[in-house]
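Below: one structure, written as structure tokens.
The values are calculated or read from the model by the stated rules, or taken from the named source; none is laboratory data. Computed from a predicted structure; not experimentally measured. Here Cβ is always computed from backbone atoms with ideal geometry, including for glycine, and neighbour counts include all displayed protein chains. Quick note on the areas: whole protein, heavy atoms, side chains included, nothing else; ligands and nucleic acids left out. Shrake-Rupley method; radii C 1.70, N 1.55, O 1.52, S 1.80 Å.
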Amino acid sequence: MFRKNRATRTLLAIITVITVFISEKDIRLYASGAHDGVLTDRAEHTDLSFSEFEYKRVEKSELEDIVSGLGELTSDAANSDAVMDVITAMEDFANELNRNYTIANINSSLYADDDKYDEEVKYYSTLADECGDIIMQSYKTVALSPCSEALKERVNDDREWADILEYENMTDEQKELSKKETELSLKYDDLSLKKYTCKIDGNEYDKETIEKAVSNGKIDYYQYMEGLSEIENASNKEKAELFIELVGIRNEIAKSYGYDNYIYYAYDKIYKRDYTPDELDSYREGVAQNLVPLSEELYDLLYNEHADEVSAMLKKKMSEDECLEKLKKHLPEISSDLMLSYDYMTEHGLYDISVSEHKAPGGFTVGVCGYNAPFLYNCADGNASDMRTLIHEFGHYNQMYYQSDKTWYYSKNNLDLAEIHSQGLELLFQDYAEDIYGNFGDTMNIYNHFNLIYSAVEGVKEDEFQRMVYEDEDGLTISELNSYYYDCCEKYGSLKYYNSYYLGSAGYMNEGEIGEWTEIPHTFQSPFYYISYSLSVSAVYELYDRILEDRDEGIDLYLALVNAEFKDSFQDTLDNVGLNNPVKNPRFDLYADDIRVSVGLDEKGHEDYDSTDSDHEEFTDEPLYPTPGTYDDHDADIDYDDHDDHYDQGGFSGKDLRMVYIFCAVLIGITAFFFVAMLGTMAGIIIWQDKKALKKWEKENEGNTGQNGM
């Protein structure tokens, strides 16, 4: 029996209005190349800038007026045209609702410290539930009437048609659970901005100031360890308590729709994946056996052999204008088609990549339907990592810009495919690293590969952690959650990235527990999102292998993936463009070989590569305490884009909109909305795990232990 799709409630994130404002497009001439003219601008985009976008509250009563009398009208097949007019008006209203919901979400990220925008998000989240229920009820009324053939022809999808026929009205209990989930999810935003503190000798310190204090001798090392553990514990406790409540709510939601727990509900109804959690068991083991050792090799290469270069590279300042100029310079070298979307973005103010303490962390790209306009967001750090984030997010932006009217309007999306567009552009930009980063070009090449492999490993690790959590029916405790995460970190080789590992080893926190999982927004706001990062990385390295063999062919494949939109499933799309399917046949030895050759670790080719011949050294010299200055809050540059709610938002003619698609695709938009921040964050963790810097610090402070004020 069909359990009401929660996307119904979030059918919002991305669909939007209907009135499209259009002007004649500027035609710019760029140097022609073999890959120009491949992408076709298939949608009409608004000529308004983002600051001119209209925002308003719509009311449920407007929808009720539209569908009133629909039941009587459907009693006679002769009224089919009139019935379809009502359906069109209903869908137009849904698009307007979704447009405003999307704008509210963008503003809540731009002005994260202003509660009024959170209130707008809450308003639309509740409204989406209520209106989504009315819309699905209306579809079912028509589907069971003499006018059903007209609607079935309009839907033209067997799965969506079955969803309509089996739809059950949302109960009051389900509405209340959904409302509560939204409130708790937004509460995490407040906690993520909160500064947790400790007191030492009458002075109050947060994580940043306590590191400065121990570095300049205001406090001794033992005070630093005790203070840092107090800060970490306070943050972990408050956020973990919130998470336990969220897990309970979400499992209740899933069970109310007939699922055993939230795991299968999320995979099936929220993300609509073409694989199940169980079908990825061998994939997960392959990541643990192959990519974890490779990740450690790259880590060692970066933070031992290239430690000084990494530190200097990440201190290199890059302004917003510099990042945009570098992007603009090299996009035409791939295809001048990418410049059309770039020009549209910059000329209409459809981006914000500024440094601001008032913005929410992370990056994403979201489409505002109706206007057919993507919006690119990044809470920048002002350094070289911003360039990488911009390249990644622009991969999403460009794909969304070139969506067809139909894709925009039907709000179709696929997270696994969407990340190929962003990560694939990152790998194509590897050729320009020297020009963009100067003497740090080779270091950035290693850094980029490490971040991608790290995200592939983390995608599996976070998914496995969340599976352990949502399968636990015995009542979760904070200690159990931290222990689960420790086990996952141990399996996937990431213990060394967390302060609580060193604090626990030194006796300042509970040993065998890792608490930094509470710093990952997706865990709270987009559960089971992460696995898409891992699978997309595997697909991207299938593409990368082709790029290495023949760059022109690789660019052709990349543009073909952009052109494919989200018409087919992840696996079918890869088959259609001629790429190997990593779900059924992950070739980790191939990915590792290509990367090792690229970064200078290996010179062997595919034929003689043996995935078992690498000697991965154990990290036996890791310090059993955190390094002052270690960046551990998961804010790197891997974005949670979907990072980008790139859901084909549309503003197509109301006559062609099929709301059904919306329900199936939309939740992803909102989830993605709160995410990119994550993966990006994680890269930052590793950035500051500089062993040489640690040894230098130890030497400088060797005689200061116990000498407060030195």
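Some notes on this structure:
- Cα centroids of region 324-348 and region 42-82: 35 Å apart.
- Relative packing of peptides 182-189, 413-420 - highest average C-beta neighbours within 10 Å first: 413-420, 182-189
- In this entry, region 156-247 is assigned a mean projected area of 9.9 nm², taken as a quarter of its C-alpha convex hull surface.
- Extending 7 Å from the Cα toward the beta-carbon at both Q137 and D300 defines two label points whose distance is 6.4 nm.
- Antiparallel %, DSSP beta bridges [both residues in region 328-414], to 5: 75 percent
- Region 116-178 and region 541-576 have Cα centres lying 35 Å from one another.
- Percent carbon-and-sulfur accessible area, region 351-471, ignoring ligands, DNA and RNA, probe 1.4 Å: 41 percent
- Flagged links, alpha-carbon separation over 30 Å, of K272/K461; K60/K187; K116/K567; K316/K584; K326/K567: K116/K567; K316/K584; K326/K567
- Length available on full extension from D572 to D550: 0.36 nm per residue minus the Cα-Cα distance, which gives 5.6 nm.
- For region 248-257, backbone phi angles converted through the Karplus equation (6.51, -1.76, 1.60; θ = phi - 60°) give residue-by-residue couplings of x, 4, 5, 5, 5, 4, 4, 5, 5, 9 Hz, Gly and Pro being listed as x.
- Remark on N383: its backbone amide H falls under 5 Å from those of M318, a criterion applied only to residues 5 or more positions apart or on other chains, H modelled at 1.01 Å from N.
- Additional length obtainable on full extension of the chain from D435 to S354, 0.36 nm per residue less Cα span: 26.9 nm
- Region 310-398 - Debye-derived log10 I(q)/I(0), Cα point model, q = 0.11, 0.16 Å⁻¹: -0.30, -0.63
- Separation of the E183 and E119 label points, Cα + 7 Å toward Cβ, nm: 1.6 nm
- Taking the empirical scaling 2.2 N^0.38 Å for compact globular proteins as reference, region 363-485 has a Cα radius of gyration ratio of 1.35.
- Förster-model FRET efficiency, 56 Å R0, D321 and D201, C-beta, rounded to 0.05: 0.80
- Listed peptides 488-495, 164-171 appear in the order 488-495, 164-171 once ranked by packing, highest mean of other Cβ atoms within 10 Å at the front.
- T209-L144 FRET efficiency (beta carbon distance; Förster radius 41 Å; 0.05 resolution): 0.05
- Heavy atoms of K329: accessible area, 1.4 Å probe, square angstrom to 10: 110 Å²
- Alpha carbon centroid spacing (whole Å) that separates region 467-482 from region 245-265: 14 Å
- For region 327-361, the list of GluC sites (Glu not before Pro) that fall in a loop by DSSP and count at most 13 other C-beta atoms within 10 angstrom reads E357.
- Note on D281 and N216: their simple-model spin labels are 5.7 nm apart, each label 7 Å out from Cα toward Cβ.
- Efficiency of FRET between R57 and L191 - r from beta-carbon atoms, R0 25 angstrom, step 0.05: 0.40
- In this entry, region 306-355 is assigned a mean projected area of 4.6 nm², taken as a quarter of its C-alpha convex hull surface.
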